[in-house]
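Everything on this sheet refers to the single structure shown next.
The values are calculated or read from the model by the stated rules, or taken from the named source; none is laboratory data. No experiment lies behind these values; they were computed from the predicted model shown. FYI the Cβ positions are ideal-geometry reconstructions off the backbone, even for glycines, and counts take in every protein chain you see. Accessible surface areas use protein heavy atoms only, side chains included; no ligands, DNA or RNA. Shrake-Rupley method; radii C 1.70, N 1.55, O 1.52, S 1.80 Å.
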Amino acid sequence: MSRPVPPHESAHLHVTGSAPYVDDLPELAGTLHCALGLSPHAHARIAALDLEAVRAAPGVRAVLTAADIPAVNDCGAVLHDEPILADGEVHYLGQPVFAVIADTREQARHAARLAAVDYAPRPAVLDPLEAHRRQSWVLPPLRLARGDAETALAQAPLQLAGRARVGAQEHFYLEGQIAYAWPTEDGGLHLHSSTQHPSEMQHAVAAMLGVASHRVRVEVRRMGGGFGGKEAQSAVFACIASLAANRLQRPVKLRPDRDDDMLVTGKRHAVHYDWAAGFGADGLLHGVRIDMVLDAGWSADLSGPVATRAVCHVDNAYYLPAADISACCAHTNRQSSTAFRGFGGPQGAFAIERILDDIAYATDLDPLDVRKRNFYAALAGAGRDTTPYGQAVADNVIHTLVAQLEADSDYRARRAQIAAFNAGSPVIRKGLALTPVKFGISFNLSHLNQAGALVHVYTDGSVLVNHGGTEMGQGLNTKVAQVVAHTLGVPLARVRCTATDTGKVANTSATAASSGSDLNGKAAEAAARRIRDRLAAFAAERSGVTAADVVFADDQVQAGAARVPFARLVREAYVARLQLWSDGFYATPGLHWDARTLTGHPFYYFAYGAAVSEVAVDTLTGEWTLLRADLLHDAGRSINPAIDRGQVEGGFMQGLGWLTLEELVWNDEGRLLTHAPSTYKIPAVHDCPPDFRVRLFDNANREDTILRSKAVGEPPLLLAFSVFFAIRDALGSLAGHRVAPPLDAPATPEAILRAADAMREIGGT
């Protein structure tokens, strides 16, 4: 690829504030605005629904309920268990019950508060462990077993058991949920949706209206962030806006404010763990049992595949000789938990990291040594190289990567320095941790690993690309354009990507599972290659050489002694009636998965990484500071190192927020109390370490990915484990690292202070 590294294709629009998002689009004449009436109860029967005062409010044009949906009242991502508008019963506080359509957004919001609804409250379950005790699950439990874990536990020289928890997380995308729909000719509908899954929005809207999919066109130019929150959760907004537009035959926009957005939409799954481990004095695992209870919320949503990925990532970078892993998705009367960056992978990997950290305390070993001792084998086929679900780890670079980071970060010397510092500092304690990442890349559901693209070459030599992925700030369009430019041998300035559109590339998968560049880049490359091959044959015939001898580079085409500009060859090919556009398709090879046994080859390859974090903790207040972070991440042969570094930095900080700062709180009535920036805290600039060292590990992908790159969207989030365990390390010093600190995530100042008090009591200080 050419250097310098090209910037994000929309960077100049972002920094000047001229990048149009859905709410920035010029409104069509006659546009109406929608607001939602939300349930004030966590679980209740709707005894009576009086909306007359709402209909009579100024500016109101219509009030819609479940009875106004012409066909299917459902927008469930997997199961048909999620009504668009509540029908007779509400299942969480914040569930949409009715929609108000008015001349202005303010009129619609005001009118929505005038409803007189008689609710008959029903018992609500807000504790996932209580739901689990009742065997109340949104889906059947999952269990993955390898070997005889109980015997391995019983016969191991040492045993440990414990409980742990990681909390939920709000997506907090900068652009909130929004949908803007208008009717088109002959019963059609055009929808602008801030969604990661345009095809799913198309299908949900078509099913709701009872029309064929070809009558619904969904367009997505860009999102102001998604993080998984706009994969399935955007459906209710898309459907309601579309229902109103279809019913009134007017353009309708639905943009909830941040409070309503957070009350309506789902979060990352919180997880409770019960675990047991058997191991030797050297820290080597003999067997583990891990039972996970995920808070799924009120509907299935994507909890099934999230739980599956959690189960498949419990091993992280470690060989588990005997394992018994289960996951249950508890049915509670809260927002339906959904996809979030990592999609269950972080929750699964957290379990084994917590176990190995506790083993380090129990054996008085350095936690890094315990981790390294349990790594998968460096060489495939040497034993200790197969995951619990049966996939061989054939591309393992974790030994080399961690060794490089350990040396470059001066890990050993800094541990000694921190021990000396802590010995003379009774209040401020420092901690250090190095944690690895192995993350599987592909959708667990094999058929989703496909993508399509269209490439048009115009007679002036410019190139237009359309693909099925969505741009949410992660630089997907930039990478796809780079791939096409590289394939055709033209400058990047010649290539432009257009908005994702179900009317151009059909049946697309969600832009998720870190697969956007892998899938859509390959599809675009396939389309560009077909055009290049046609042009090569055309040039070869004129020059008397073979097509294989034609070279496309530096905006020129070399065919034997003839060298012509790319644009000139294109014009001549057009005159010769050569097809200058093509479609491309890609399906990831070699994937298979048995959902019944939870075994197979679900991932095309693994992405690796590691991080070292150093923290300082005030043990009297629970406040802490990240002093330094060293990140080394495997992006394969990076297509765009600048974008990939940004993804590593952003993923790390978002993971830091999940594990330390971001705490979601519900009251006893099921009301989300942290539903605005005033009460829900995400990382800010001052939370970034003053010494932040981020590098990419040079490691060409052994699989035939696009330009041998690797996915880099989700895996870096797990690098933030190093921050959590560094805080734990600092607290452990209060009792001489003899006892593992009782700290769960998020490690808020309050949680840290409670753990510090407990450790002081143990340590006698």
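Computed from the Cβ-Cβ distance with R0 of 45 Å, the FRET efficiency linking residue 135 to residue 16 stands at 0.20. Taken over the range 639-686, the percentage of Cα pairs per 5 Å bin, counting from 0 up to the bin with the maximum distance, is 5, 19, 19, 18, 14, 10, 8, 5, 2, 1. Surface composition of the chain: carbon and sulfur atoms hold 53% of the protein heavy-atom accessible area at a 1.4 Å probe. Over the chain, the alpha carbon radius of gyration divided by the compact-protein estimate 2.2 N^0.38 Å works out to 0.99. Length gained on full extension, residue 692 to residue 118, computed as 0.36 nm times the residue gap minus the Cα-Cα distance: 201.1 nm. The base-10 log of I(q)/I(0) for the range 506-587, evaluated at q = 0.11, 0.16 Å⁻¹, reads -0.37, -0.66 [Debye formula, identical scatterers on Cα atoms, solvent excluded]. With N the number of residues in the range 623-765, Rg(Cα) / (2.2 N^0.38 Å) evaluates to 1.27. Rolling a 1.4 Å probe over the protein heavy atoms leaves residue 472 with an accessible area of roughly 30 Å². Go ahead and run the numbers for FRET between residue 258 and residue 394, Cβ-Cβ distance against an R0 of 35 Å, rounding to 0.05. So the FRET efficiency works out to roughly 0.20.
Positive-end ranking of 666, 697, 647 along the dipole of the range 633-699, with charges on Cβ about the Cα centre, is headed by 697.
For the pair the range 1-37 / the range 129-202, the C-alpha centres are spaced 29 Å from each other. In the range 567-597, which residues have a backbone nitrogen under 13 Å from the label point lying 7 Å from residue 555's Cα in the Cα-to-Cβ direction? Of the residues in the range 567-597, 567-568 have backbone N under 13 Å from the label point off residue 555.
Using a Förster radius of 60 Å, what is the FRET efficiency between residue 28 and residue 148 based on their Cβ-Cβ separation? Nearest 0.05, please. My answer for the efficiency is 0.35.
Each residue of the range 88-181 gets 231 Å³ once the volume of the Cα convex hull is shared out per residue.
Along the charge dipole of the chain, pointing to its positive end and built from +1/-1 on Cβ of Lys, Arg, Asp and Glu, which listed residue (499, 172, 608) has its Cα farthest out? Of the candidates, 499 comes out farthest on the positive side. Compute the signed sum of charges (Lys and Arg +1, Asp and Glu -1) over the other residues within less than 12 Å, Cβ to Cβ, of residue 625. Once positives and negatives cancel, what remains is -2.
Charge tally for residue 201 (other residues, Cβ to Cβ under 11 Å; Lys, Arg +1; Asp, Glu -1): -1. In plain terms, the bigger the Kirkwood radius, the slower the diffusion; for the range 1-115, with that radius from Cα pairs, at 10 °C and 1.306 mPa s, Stokes-Einstein puts D at 93 µm²/s.
In percent, what relative contact order does the range 423-487 have, based on Cα pairs under 8 Å that are 6 or more apart in sequence? Reported relative contact order: 16 percent.
The shape of the range 569-674 can be summarised by an equivalent ellipsoid whose semi-axes, obtained from the alpha carbon gyration tensor, come to 45, 24, 19 Å from longest to shortest. Counting lysine pairs in the chain whose alpha carbons fall under 14 angstrom apart, excluding pairs fewer than 8 residues apart on the same chain, gives 6. Here each label is just a point 7 Å from Cα along the line to Cβ, and for residue 679 and residue 416 those points are 5.1 nm apart.
Can you tally the net charge around residue 44? Count Lys and Arg as +1, Asp and Glu as -1, for every other residue whose Cβ sits under 10 Å from the Cβ of residue 44. Value of the local net charge: 0. Entry note: the range 336-423 has Rg to Rh equal to 1.04, where both radii use alpha-carbon atoms and Rh is the Kirkwood radius. Show log10 I(q)/I(0) for the range 208-260 at q = 0.19, 0.29 Å⁻¹, two decimals, from a solvent-free Debye sum over equal Cα scatterers. For the requested q values the scattering log ratios are -0.82, -1.39. Taken as Cα centroids, the range 702-731 and the range 527-555 sit 41 Å apart, rounded to the nearest whole angstrom. Were the residues from residue 574 through residue 103 laid out at 0.36 nm apart, the gain over their Cα-Cα distance would be 164.5 nm. Across the chain, C-alpha contacts under 8 Å between residues 6 or more apart give a mean separation that, scaled by the residue count, equals a relative contact order of 14 percent.
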